[in-house]
């Protein structure tokens, strides 16, 4: 916040409301009608910067939402965008706040909804994480906490089936269909990491539905009670 203030930005502090709610709160207090949402670890290239300026200053009147081509940096290399065209056009980042907003019903994979068509802007938004594999694994498990929530209404049998087959499908889609094998070792590791993310997501959802959060003990085994006095276990 201090850095933003140094560059002349108006800084408003707000308790955490949730991802889409927080973004809508910020847009509501912005001085201008057009909002370009960007995370602190994202960088717009020169082409995208020019495209944003043209869209805001003289874009098509009927267009209120513009999507971006967002690509991930992975271990020092910017990987190609592997999303389908339908998914890519849904990644709206530039929008008119009077005609569009963030969907507050979504817990993860938040998106902008509004009136009129969506247009993909020329240029690239780079997700520049510069994270090690250890940091990526930690973030993967943390993000799964949110991704599990929408899956809890499914049956344990369906979740188990998805935990079995979806990781394989994800790997084949990325490594073979989307040609990540052309990216060398990084492409292989990235495809494996994303398939593992699928496994973590669905296996943790299965655990929550089928096992629950109660402590697990062998049949017929009762753990001994621990008596505590002044914060220390008694012998």
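Where helices (runs of 4 or more DSSP H) sit wholly within the range 102-214, those with at least 1 residues that are closer than 26 Å to residue 66 by Cα and outside the structural domain of residue 76 (by TED's automatic domain parsing) occupy 133-147.
All conditions in (1) surrounded by fewer than 18 Cβ atoms within 10 Å (Cβ to Cβ); (2) farther than 27 Å from residue 202 by Cβ; (3) within 14 Å of the chain's Cα centre (by Cα); (4) touching a residue at least 24 places away in the same chain (Cβ under 8 Å) hold for residue 78, with the sole exception of (3). Being touching a residue at least 60 places away in the same chain (Cβ under 8 Å), closer than 21 Å to residue 72 by Cβ, crowded, with 16+ Cβ neighbours inside 10 Å and in the same structural domain as residue 80 (by TED's automatic domain parsing): is that true of residue 90 here? So residue 90 fails the test. Restricting to the range 43-64, name every residue that is modelled with pLDDT under 90 and part of a helix (DSSP H, G or I). Answer for the range 43-64, where residues must be modelled with pLDDT under 90 and part of a helix (DSSP H, G or I): just 58.
Condition test on residue 67, is it out of contact with any helix residue (DSSP H, G or I) (no Cβ under 7 Å at 6 or more places or on another chain) and either at pLDDT 95 or above or more than 19 Å from residue 96 (Cβ to Cβ) (or both)? For residue 67, the condition - out of contact with any helix residue (DSSP H, G or I) (no Cβ under 7 Å at 6 or more places or on another chain) and either at pLDDT 95 or above or more than 19 Å from residue 96 (Cβ to Cβ) (or both) - is not met. Against the conditions (1) in contact with a strand residue (DSSP E or B) (Cβ under 9 Å, 6 or more places away or on another chain); (2) assigned to a loop (DSSP other than H, G, I, E, B); (3) surrounded by fewer than 16 Cβ atoms within 10 Å (Cβ to Cβ), residue 40 satisfies every one except (1).
Kindly establish whether residue 68 is closer than 30 Å to residue 190 by Cβ, in contact (Cβ under 8 Å) with a residue 40 or more places away in the chain and part of a strand (DSSP E or B). Spelling it out, residue 68 is indeed closer than 30 Å to residue 190 by Cβ, in contact (Cβ under 8 Å) with a residue 40 or more places away in the chain and part of a strand (DSSP E or B).
The values are calculated or read from the model by the stated rules, or taken from the named source; none is laboratory data. In this text the structure is predicted, and so the values were computed from the model without any measurement. Note that we place each Cβ from the backbone using ideal geometry, even for glycine, and neighbour counts take in every protein chain shown.
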